[in-house]
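Accompanying notes for the structure given below.
The values are calculated or read from the model by the stated rules, or taken from the named source; none is laboratory data. This one's a predicted model, so the numbers in the text were calculated from it and none came from an experiment. Counting neighbours? That spans all protein chains shown, and the Cβs are built from the backbone with ideal geometry, glycine included.
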Amino acid sequence: MSSTATSPDLARFPADVRDAVGRLAGTAERTPLQRNQRLSDLTGADVWVKREDLQVGRSYKVRGAYNTISRLDGAARAAGIVCASAGNHGQGVAHACRSLGVRGAVFVPGTTPRQKRARIQALGGDAVELVVTGDTYDDAAAAAAAHAAGTGATLVPAFDAWPVVVGQATVAVEVLEQLGRAPDVVVLPLGGGGLLAGCGTWLRQASPGTRLVGVEPAGAASMAAALAAGGPVDLPAIDTFVDGAAVRRAGAVTYPLVRDCGAELVAVPEGQVCTEMLELYQVDGVIAEPAGALATAALTGGTVRVEPGQTVVCLLSGGNNDVSRYAEVVERSLVHQGLKHYFLVEFPQEPGALRRFLDDVLGPDDDIVLFEYVKRDNRETGAALTGIELGDADDLPVLLQRTAASPLRIQHLDPGSPAYRYLVRGGAG
């Protein structure tokens, strides 16, 4: 097995990045940098969006993948390529393998959306084998490492390798050239850290006055955990919804680069990411995957504060969203905004019970969007999982007052509770 995870050589970093720019010319797109009116109006700042969702493979990941594979010698190419991916890195590797005439294998977890799997196969063609294994990115990474050890194939990490970091840094090179001035703030999505390590190291040298912010999903904040612990650590559990950034352990190569580049780290709830995905789609006409919307979600949710008149650049990092996921996106957004709530209601098994619930508990702008019996306690009562969508989030206190005053036994399910996860996420919801 050979690996591309070489140690950083900061003295060579500028030359390596310029070399990567040349290698990617004609292979990766020079994606647009567009001013976003919605975000500018919301914040009072001058907000620009770097459209890496329009990149080859609909993600910046092709930059690091192609830069890495194109630098390999003949023996390493002949041994074949293997990688693990949540989906986007695999597309970059697939495109690079097909373009360079190299055989490859891409390992993805079962949580990778079918749309991303199909794109890996389409971009790689006969040059790439797709292997689906495990439940998380880390499961796929372990399987890819075992494959590399057993076959001698060259392992191309999704983020934790110097050539990958260098390739991702070309995003920052383009931003500075396209903007024509130093931005006040740059907001980047953060998973394993390849993008932030590369762009942060470049900006620290080329634009030292720029404030840099890395945005992690709240359910998988592995880099923040690494900074707190003084080195990469395994998170005990992760929420895999933001699949492109749901990494259990930050990279050993990327961690010190992120630590030293002076970036602020923030975490955005997955529900806020969903709300921003819908805004991008409905207002801006942009299809973004969860990881793709991380940076702009930090602005719209108020996690990242910017000053009026500042020049702000956000990276829209991925556009590989499976249309079948939109039902969950809408659900998570409504719950996050406080517009959708779930209750367990014990109804007496007698005529008129549901009518009394509608008349006594529901407000004029409330709507039942789910009603499902989950069990029968005995002959006299039955518990129903009831989903209620409010007309306004501020109506919840009044609704809870009416449930408390009702003769029915009504339990409000907290989104963080085990009962909620079992009944809503794992069952009828």
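General observations
- Among residues of the stretch 150-198 being polar (S, T, N, Q) and closer than 22 Å to Trp48 by Cα, the one that is surrounded by the most Cβ atoms within 10 Å (Cβ to Cβ) is Gln168.
- For the stretch 314-348, the set of residues classified as within 19 Å of Lys61 (Cβ to Cβ) and in contact with a Lys or Arg (Cβ under 8 Å, 6 or more places away or on another chain) consists of Cys314, Leu315, Leu316, Gly318, Gly319, Asn320, Asp322, listed by residue number.
- Selection from the stretch 273-299 of residues that are touching a residue at least 60 places away in the same chain (Cβ under 8 Å), part of a helix (DSSP H, G or I) and closer than 28 Å to Thr201 by Cβ: Ala291, Gly292, Leu294, Ala295, Thr296, Ala297, Ala298, Leu299
- Filter result (β-branched (Val, Ile, Thr) and either out of contact with any Cys (no Cβ under 7 Å at 6 or more places or on another chain) or surrounded by fewer than 21 Cβ atoms within 10 Å (Cβ to Cβ) (or both)) within the stretch 96-112: Val102, Val108, Thr111, Thr112
- Wholly enclosed strands (runs of 3 or more DSSP E) of the stretch 306-402 bearing at least 3 residues among the small types (Gly, Ala, Ser) and surrounded by 14 or more Cβ atoms within 10 Å (Cβ to Cβ): 381-389
- Flag if Arg58 is closer than 28 Å to Ala94 by Cβ, out of contact with any Pro (no Cβ under 6 Å at 6 or more places or on another chain) and surrounded by 24 or more Cβ atoms within 10 Å (Cβ to Cβ): yes
- Qualifying residue in the stretch 306-327 (condition: of a type in the set (Phe, Trp, Tyr) and in contact (Cβ under 8 Å) with a residue 40 or more places away in the chain): no
- Out of Ala293, Ala288, Ala298, Ala327, one residue alone is aliphatic (A, V, I, L, M) and out of contact with any helix residue (DSSP H, G or I) (no Cβ under 9 Å at 6 or more places or on another chain). It is Ala327.
- Residue match in the stretch 340-352 (condition: within 30 Å of Leu212 (Cβ to Cβ) and either charged (D, E, K, R) or outside the structural domain of Leu195 (by TED's automatic domain parsing) (or both)): no
- Residue within the stretch 6-16 that is of a type outside the set (Phe, Trp, Tyr), surrounded by 15 or more Cβ atoms within 10 Å (Cβ to Cβ), modelled with pLDDT under 95 and farther than 23 Å from Ser317 by Cα present: yes
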